[in-house]
Amino acid sequence: MIHSLAAAMSNQLQNTSSLSTAGTWNLLDVRNSSPVRTAELRPLPASPWDIALCVTGTLISCENAIVIAILFYTPTLRAPMFILIGSLAFADLLAGLGLILNFVFIYMLNTEFATLISVGLLIAAFSASVLNILAITVDRYLSLYNALTYHTERTVTFTYVVVVLIWLVCITLGLLPVLGWNCLRDEASCSICRPVTKNNAVVLAVTFLLVFALMMQLYLQICKIAFRHAQQIAVQHQFMAISTTKGVSTLSVILCTFAACWMPFAMYSIVADSSYPMIYTYATVLPATCNSVINPIIYAYRNPDIQKSLWLACCGCVPSNFSLRPRTSSDV
């Protein structure tokens, strides 16, 4: 997806470079018609946008690799909530690796096959990231709505089934460009993210908007349930006001961050096509990728159990003032 944007810009730069260096080529062997250069061409300068995306991908990979390592090497972190967090971290890790490979493909292996592999990986990874966030939202809602029966109904096996279904859907979406759903043979039908067609980009963008609307509705219901529970169990009104206000503030941050990162790219994918300036596409793609930088902070590093494991792994001890209160799925 992102690879194709930069590839088009790279081709333009290559054409300009070839014109300026045409004088360095001599046809020494007329029989074989093989051009031989008398001077080396200068390497193609890297676009600042491509560098920014590569750096973002590196940061995403490092953050989420730490989360996956903590979950893998901590046997106590096997609850359904942590399975979903691990699946989200793995999706974001693939997204980060995809951004790094995208940079490599642009400047070292600019072929149609590399383009299809790059766009397929990015579509699958970012789709899995969004769907895993939706799954975590549903999990939080169910933990409040069915508080008494949640721990008996929400089994680890059921969570694994949900994760497998999410990845099957996302892998299928990632394979579509390779299976022929691309615009490599019809440039006029390309979206802002070549080789994804305009129609496919619109479908993906509309699906994202529906997912966001569902998340917003679920979080509104979570707020209502949290307020009702606080009114039932709070003894002091001050405690009720502080706890519920903090929860609503956290929900607002989660929704606003998700919308700020993805909404510009989703809306632009609907209204724009390949004829629009690529600078606008880069300007909307970069915030979308930054969502994978923020996800580990929101969904993993805020969790006390993961914080404890991280302290033990890095320092071998836990600070004396560290709160060991277990965090449940309903915590936000």
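Here are some notes:
- Segment 251-266, residues that are over 17 Å from the mean Cα position of the chain (by Cα) and either more than 18 Å from residue 302 (Cβ to Cβ) or open to solvent by 30 Å² or more (accessible area, probe 1.4 Å) (or both): 252, 253
- Filter result (surrounded by fewer than 17 Cβ atoms within 10 Å (Cβ to Cβ) and not in a helix (DSSP H, G or I)) within segment 186-209: 186
- Checklist (1) without any contact (Cβ under 8 Å) to a residue 12 or more places away in the chain; (2) open to solvent by less than 50 Å² (accessible area, probe 1.4 Å); (3) within 30 Å of residue 136 (Cα to Cα) applied to residue 177, failing item: (1)
- Filter result (of a type in the set (S, T, N, Q) and open to solvent by 10 Å² or more (accessible area, probe 1.4 Å)) within segment 123-133: 127
- Which numbered condition residue 183 misses (of (1) in contact with a Lys or Arg (Cβ under 9 Å, 6 or more places away or on another chain); (2) open to solvent by less than 50 Å² (accessible area, probe 1.4 Å); (3) assigned to a helix (DSSP H, G or I); (4) not basic (Lys, Arg)): (3)
- For segment 89-109, filtering for residues that are open to solvent by 60 Å² or more (accessible area, probe 1.4 Å) and in contact (Cβ under 8 Å) with a residue 12 or more places away in the chain leaves 4.
- Scope segment 110-122; condition in contact (Cβ under 8 Å) with a residue 60 or more places away in the chain and open to solvent by 10 Å² or more (accessible area, probe 1.4 Å); matching residues: 110, 112, 116, 117
The values are calculated or read from the model by the stated rules, or taken from the named source; none is laboratory data. Only a predicted model underlies this, so the values are computations on that prediction, with no experimental measurement involved. Backbone-built Cβ (ideal geometry, glycine too); neighbour counts: all protein chains shown. What goes into the accessible areas is simple: the full protein's heavy atoms, side chains included, and nothing from ligands, DNA or RNA. Shrake-Rupley method; radii C 1.70, N 1.55, O 1.52, S 1.80 Å.
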